[in-house]
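Everything below concerns the one structure shown next.
The values are calculated or read from the model by the stated rules, or taken from the named source; none is laboratory data. Predicted, not measured: the structure shown is a model, and the values here were computed from it. Virtual Cβ from ideal backbone geometry, glycine too; neighbours counted across all protein chains shown.
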Amino acid sequence: MRLESEYIIKGIEILVGLASGYLTYKLADDGSSLSALLSVVVGLLSTLIMVLFVETYRQHADIKDVKSTYEQLIKIISESKHQVEQKMSYILKYGIVSFEDRDMPSVWRELLWNVKSCYYATNYIRSDDIYNNPWADAALAIQKAKTFGENVDIKKVFIVDSEDELARLMPTIEAQKDAGINTRYILKNDIENSITLKAESNEIESIDFGIFDDSSVFIWKLKERSFVGGEIKLKSEELVRYKAFYNHMFSQATPI
């Protein structure tokens with residue numbers, strides 16, 4: 001809820017309390033201290049009842065929103081589930097599978113839908129290539145459902161080339177935060193200038209990836225910051241490299 005709406009609601013709650021207290025005092029019409037005290041008590045109780053009513057309504061709306069989100073996501077996922085499951089079967093057989101760029105959004109959504117405990121990701125893809133697409137909204141809705149509905153721990157580091165780029169990304173980042181995602185950012189130059197991060201980044205194929213449940217890594221292959229395909233890897237030695245880079249980078253990134 002926007003800050004302006006919060007102020008309006010709080011003002012209404014206070015006005016209801018004041019009005020109730022004033023009416024009680026006027027109806028008593030004896031001007032005694034007991035009447036004054038009674039009017040104060042009635043005013044406070046009216047304010048508390050109003051607050052409880054508003055908060056109960058909000059909680060009901062949040063629960064309804066989460067339920068609606070789950071129902072919509074089930075429909076979204078089912079549309080591409082069969083094709084994705086065929087790809088996923090290769091992972092179990094070979095420990096790695098590659099995807100073309102057109103498959104990446106549906107695979108990403110499927111992985112998000114199936115995450116159970118944690119999802120740790122980076123973001124270096126050009127924002128116009130991902131966040132201006134409807135499938136990005138669907139992916140964010142899944143993440144919101146996971147954080148609020150299943151207590152999944154989601155962290156994301158936005159890698160940017162400049163502070164100006166970070167400023168342009170703020171609406172997107174705020175939407176991520178509203179979805180319950182722990183967001184941070186780091187400048188690309190800070191990675192390049194860090195001996196540890198630079199060395200670790202040279203050991204992985206892309207700095208744009210997501211780690212799911214500490215058991216698989218979903219890699220977005222980039223060309224000039226646009227994704228051109230990707231891979232899923234399950235092999236432990238691959239996971240170790242990506243997790244090491246992510247943990248060190250997250251510790252040095254700035255909270256937003």
**Residue in the range 142-160 that is nearest to W113 (Cα to Cα), counting only those that are in contact (Cβ under 8 Å) with a residue 60 or more places away in the chain and surrounded by fewer than 19 Cβ atoms within 10 Å (Cβ to Cβ)** = G149
**Candidates E192, E200 - the one that is crowded, with 18+ Cβ neighbours inside 10 Å, charged (D, E, K, R), more than 12 Å from the chain's Cα centre (by Cα) and at pLDDT 95 or above** = E200
**Request:** Taking the options A167, A175, name whichever one is more than 26 Å from A244 (Cβ to Cβ), among the aliphatic types (A, V, I, L, M) and touching a Phe, Trp or Tyr at 6+ places or on another chain (Cβ under 9 Å).
**Result:** A175
**Message:** If I go through the range 214-225 residue by residue, how many of them are exposed (fewer than 14 other Cβ atoms within 10 Å of the Cβ) and within 13 Å of D101 (Cα to Cα)?
**Reply:** 1
**Hits in the range 110-126 - residues which are under 26 Å from E165 (Cβ atoms) and part of a helix (DSSP H, G or I)** = L112
**Item:** Subset of the range 127-138 that is surrounded by 15 or more Cβ atoms within 10 Å (Cβ to Cβ) and outside any helix (DSSP H, G or I) - its residue that is nearest to the chain's Cα centre (by Cα)
**Value:** Y131
